[in-house]
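A short write-up of the structure that comes next.
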Amino acid sequence: YEEQIIISRKMESIRRLTSTYAHEIKNMLTGVKGFAQVALQTEDMELAKKYLVKMLSIIDSVLINIREILGFGRDISRNPEIIDLKEVLGNIATFLKGSLKENIDLTLIMPEISLKVFADRTDIEKVVTNLVLNAQDALPEGGQIKIEASVKQLSDKFRTIISETKKEFAKEYICLSVTDTGVGMDKETKEKIFEPFFTTKGEKGSGLGLPTVYQIVQLLNGFIFVESELSKGTRFDIFIPLKDS
Ligand code: ADP
């Protein structure tokens with residue numbers, strides 16, 4: 001039953017993927033066709049050139065779209081090694097602090113001990129960046145974003161959820177949490193957030209941020225838990241197996 005749900009979810013996201021992109025590419029090619037027809041009919045070379053330039057720019061967009069489809073999921077886990085999450089988080093938080101809007105307050109909370117995991121540094125940076133930028137988007141009026149890392153065992157609540165997925169769990173995890181005081185999500189949104197190309201941000205969203213996070217965490221044998229309440233905020237808990245010395 002569980003498997004069936006997962007498979008049908010996968011089918012749903014593939015259908016969404018193909019139809020979203022097919023539509024977008026169809027619209028673009030219709031544009032190119034229109035410009036080509038007008039360019040062919042006119043005697044005015046200057047005007048024809050203008051249309052050619054427009055056609056080229058649409059073709060560029062089509063190529064970007066296709067690159068996005070082909071590139072999704074690539075470049076993940078290129079260079080896994082034992083890394084100290086504290087160092088990686090420290091660096092990425094400093095970088096993000098410099099690029100977030102002024103009304104956003106980002107705090108980083110970390111334990112004294114080092115946090116060793118076996119992972120690709122860039123993957124961890126991608127995970128944190130995606131979560132923090134989503135948190136910023138959820139805070140149009142500004143507010144707090146908190147990144148917190150700690151060593152944890154899975155709580156009974158989480159164990160129960162995971163045992164349904166039949167995955168094995170490690171003794172200890174690093175729990176990486178990103179919490180915001182933003183707009184939150186309703187139940188329907190929450191159910192779809194890991195589907196490729198699901199976005200509530202229209203043109204501004206790609207819908208590829210959380211699917212990328214999901215894929216990275218899967219490869220690390222980790223887990224993601226999401227708690228969210230409308231107009232209260234959202235909390236993502238990412239559990240990654242701790243690499244003990
Ligand atoms: P994108 O950011 O391009 O929309 P994502 O896959 O990163 O794509 O996110 C998918 C959707 O999940 C977002 O459009 C948004 O509706 C929802 N979402 C993600 N993070 C948050 C958050 N912190 N608060 C509220 N909604 C969120």
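The values are calculated or read from the model by the stated rules, or taken from the named source; none is laboratory data. Just so it is clear, the model here is predicted, and its values are computed rather than measured. Cβ coordinates were reconstructed from backbone atoms using ideal geometry, including for glycine residues, and neighbour counts include every protein chain displayed.
When segment 202-245 is limited to residues that are assigned to a loop (DSSP other than H, G, I, E, B) and more than 12 Å from the ligand (Cβ to nearest atom), the one that is modelled with the lowest pLDDT turns out to be 245. Checked against (1) touching a residue at least 40 places away in the same chain (Cβ under 8 Å); (2) hydroxyl-bearing (Ser, Thr, Tyr); (3) within 15 Å of the ligand (Cβ to nearest atom), residue 199 passes all but condition (1). Loosely packed, with under 11 Cβ neighbours inside 10 Å and within 23 Å of residue 216 (Cβ to Cβ), is that true of residue 70? Yes, satisfied. Checked against the criterion of being in a loop (DSSP other than H, G, I, E, B) and touching a residue at least 12 places away in the same chain (Cβ under 8 Å), the candidates 169, 158 yield just one match: 169. Within segment 162-172, is even one residue farther than 21 Å from residue 104 by Cα, within 11 Å of the ligand (Cβ to nearest atom), among the β-branched types (Val, Ile, Thr) and touching a strand residue (DSSP E or B) at 6+ places or on another chain (Cβ under 8 Å)? Within segment 162-172 (the criterion being farther than 21 Å from residue 104 by Cα, within 11 Å of the ligand (Cβ to nearest atom), among the β-branched types (Val, Ile, Thr) and touching a strand residue (DSSP E or B) at 6+ places or on another chain (Cβ under 8 Å)), the answer is no, since none of the residues qualifies. Only one of (1) surrounded by 14 or more Cβ atoms within 10 Å (Cβ to Cβ); (2) over 30 Å from residue 141 (Cα atoms) is not met by residue 81, so which one is it? Going through the list (1) surrounded by 14 or more Cβ atoms within 10 Å (Cβ to Cβ); (2) over 30 Å from residue 141 (Cα atoms), residue 81 breaks only (1).
Residue-level analysis places residue 193 outside the set of residues that are away from the ligand (no atom under 11 Å from the Cβ) and either at pLDDT 90 or above or crowded, with 17+ Cβ neighbours inside 10 Å (or both). Among the conditions (1) at pLDDT below 95; (2) touching a Ser or Thr at 6+ places or on another chain (Cβ under 7 Å); (3) closer than 30 Å to residue 153 by Cα, the only one that residue 76 does not satisfy is (2).
For beta carbons closer than 6 Å, sequence separation of 6+ or different chains, a first residue in segment 209-230 that is among the aliphatic types (A, V, I, L, M) and a second that is part of a helix (DSSP H, G or I) and within 9 Å of the ligand (Cβ to nearest atom), the qualifying pairs are 213/130.
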